Amino acid sequence: MKGQNNMNETELTALRHEFHRFPELGFAEHSTKDRIASLLTSFGLEVHIGVGVVGVLKRGTGNRTIGLRADIDALPISETSAHAYVSKTDGVMHACGHDGHMTMLLGAAENLARGDSFDGTVIFIFQPNEEHGLGAQAMIKEGLLRRFPMEEVYAIHNLPGALAGRISTRTGQICSSESLFEITVKGQGGHAAMPHVGRDSILIGSEIVLALQTIVARKLAPGSGAVVSVTEFLTDGQRNVLPSNVVLKGDVRACVLKDRKAISAFMTQICEGIGDAHGAKVSVAFNTEFIETINAAVPVIAAVKAAKSIGIEATSDREPMSFSEDFAHFSAVVPGCFMLLGNGTDGPNGRPLHSADYDFNDQLLPIGAAFWTQLVTDRLPKAVSL
């Protein structure tokens with residue numbers, strides 16, 4: 001792979017391990033933000049601290065601007081790794097590789113700040129609370145896109161189980177939306193030996209669980225890629241007491257807005273219909289934080305070109321992912337490209353995201369920094385020599 005980095009691999013690795021030791025949850029990334037801001041300032045960038053951190057690097061008089069985004073939050077997971085840089089925060093861990101994402105972007109920020117290869121502006125976006133789908137929305141609400149208008153926006157996420165250092169992306173939908181639902185059933189509790197004098201909320205809830213599976217199986221087109229999962233079944237019943245109340249909670253994934261809206265409507269129709277049939281009151285709350293992530297064609301082409309130009313294997317025809325990403329809120333407003341970067345297949349690098357023994361692959365750090373540097377060099381006009 002061609003390309004030069006100011007921070008070498010050893011220094012990038014040390015920085016990533018530092019972030020890994022001190023993880024912070026969404027909207028509580030205070031020390032992380034301070035460290036990022038300090039580094040960006042030392043590189044000579046203009047720094048803005050709000051719900052996240054924004055670094056602005058301007059060169060020349062050009063008016064073209066692109067944005068590069070990294071997520072910075074950790075997860076409420078107790079780490080079981082055996083390496084020397086395990087989390088020092090009980091019950092919190094960088095189990096999704098955000099420590100690596102921000103390190104790669106910081107490496108690129110230093111590369112670009114030390115050089116003079118482009119004419120325009122780069123916006124480095126260090127975003128909080130990706131895991132709950134709230135960080136991008138918070139930064140947009142705070143005025144990120146109004147204060148720092150950009151023509152394109154890009155993001156990378158590591159992918160365990162894929163060949164290390166290989167970039168894959170696609171035009172169109174690349175990540176699913178995620179919606180959370182909560183269904184409340186209010187029946188009539190009573191004695192377990194006399195169910196006929198009440199309205200058994202467990203029976204009603206069970207019927208709803210089964211009926212919800214007909215949405216994807218029989219109401220959406222085959223191959224929709226949608227998923228409806230009930231993940232919690234809560235009651236106020238006891239050993240010999242039929243419950244009055246049942247709460248069902250779950251998760252919905254959809255690839256397109258049309259299907260997401262249809263699932264919400266069918267869910268309400270099914271639940272209210274079953275409730276009416278049993279004389280029980282059923283209500284449905286359906287909330288979407290993660291919308292579908294949609295990639296624009298031009299940024300996808302640009303990302304693959306930049307990768308290949310420095311010897312990184314890259315493809316633009318990967319299958320869509322079933323997980324969700326709140327980068328979607330940026331790319332819904334600004335043409336964008338979300339990419340996957342292979343994290344490797346062996347050991348902790350190959351463990352699934354959100355696993356207690358997962359680890360980001362440090363070999364990716366110089367690769368990611370060099371890629372970001374090349375992408376900026378490609379997408380912004382060349383610096384004019386006087």
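The values are calculated or read from the model by the stated rules, or taken from the named source; none is laboratory data. On a predicted model such as this, the values are computed, not experimentally measured, just so you know. Virtual Cβ from ideal backbone geometry, glycine too; neighbours counted across all protein chains shown.
Computed values, structure above
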read-out	value
Members of region 207-246 found to be within 16 Å of PHE266 (Cβ to Cβ), assigned to a strand (DSSP E or B) and touching a residue at least 40 places away in the same chain (Cβ under 8 Å), listed by number	VAL227
Criterion violated by SER324 - all others in (1) among the small types (Gly, Ala, Ser); (2) touching a Phe, Trp or Tyr at 6+ places or on another chain (Cβ under 6 Å); (3) surrounded by fewer than 17 Cβ atoms within 10 Å (Cβ to Cβ) satisfied	(3)
Single unsatisfied condition, GLY165 versus (1) closer than 23 Å to ARG318 by Cβ; (2) in contact with a Ser or Thr (Cβ under 7 Å, 6 or more places away or on another chain); (3) small (Gly, Ala, Ser)	(2)
Residue pairs meeting the criteria (Cβ under 8 Å; at least 6 apart or on separate chains; first more than 14 Å from GLY336 (Cα to Cα), in region 301-317; second in a loop (DSSP other than H, G, I, E, B) and among the acidic types (Asp, Glu))	ALA307/GLU313
Within region 95-150, tally of residues that are of a type outside the set (D, E, K, R), within 18 Å of the chain's Cα centre (by Cα) and under 22 Å from PHE19 (Cα atoms)	22
Residues within region 207-243 that are within 17 Å of ASP276 (Cα to Cα) and either exposed (fewer than 13 other Cβ atoms within 10 Å of the Cβ) or charged (D, E, K, R) (or both), tallied	2
Members of region 309-346 that are outside any strand (DSSP E or B) and of a type in the set (S, T, N, Q)	SER309, SER316, SER322, SER324, SER331, THR345
Yes/no for PHE360 being over 18 Å from VAL304 (Cβ atoms), among the aromatic types (Phe, Trp, Tyr) and outside any strand (DSSP E or B)	yes
Candidates LEU380, LEU340 - the one that is in contact with a Ser or Thr (Cβ under 6 Å, 6 or more places away or on another chain) and among the hydrophobic types (A, V, I, L, M, F, W, C)	LEU340
Region 327-386 - residue that is charged (D, E, K, R) and in contact (Cβ under 8 Å) with a residue 24 or more places away in the chain and, of those, farthest from ILE291 (Cα to Cα)	LYS382
Qualifying positions in region 251-265 - crowded, with 19+ Cβ neighbours inside 10 Å, under 21 Å from the mean Cα position of the chain (by Cα) and either of a type in the set (Asp, Glu) or under 19 Å from LEU210 (Cβ atoms) (or both)	VAL252, ASP259
Where HIS30 falls short, out of the listed (1) loosely packed, with under 15 Cβ neighbours inside 10 Å; (2) in contact with a Pro (Cβ under 7 Å, 6 or more places away or on another chain)	(2)
Among the residues listed as PHE327, PHE360, PHE371, the single one being under 15 Å from the mean Cα position of the chain (by Cα) and among the aromatic types (Phe, Trp, Tyr)	PHE327
Filtered residue count, region 40-61, keeping only those that are out of contact with any Gly (no Cβ under 9 Å at 6 or more places or on another chain), surrounded by fewer than 21 Cβ atoms within 10 Å (Cβ to Cβ) and more than 21 Å from THR377 (Cα to Cα)	2
Test set (1) modelled with pLDDT of 95 or more; (2) within 29 Å of MET267 (Cα to Cα); (3) surrounded by fewer than 19 Cβ atoms within 10 Å (Cβ to Cβ); (4) in contact with a Lys or Arg (Cβ under 8 Å, 6 or more places away or on another chain) - PRO381 fails condition number	(2)
Pick from region 160-206, criterion in a helix (DSSP H, G or I) and without any contact (Cβ under 8 Å) to a residue 60 or more places away in the chain, ranking: surrounded by the fewest Cβ atoms within 10 Å (Cβ to Cβ)	HIS196
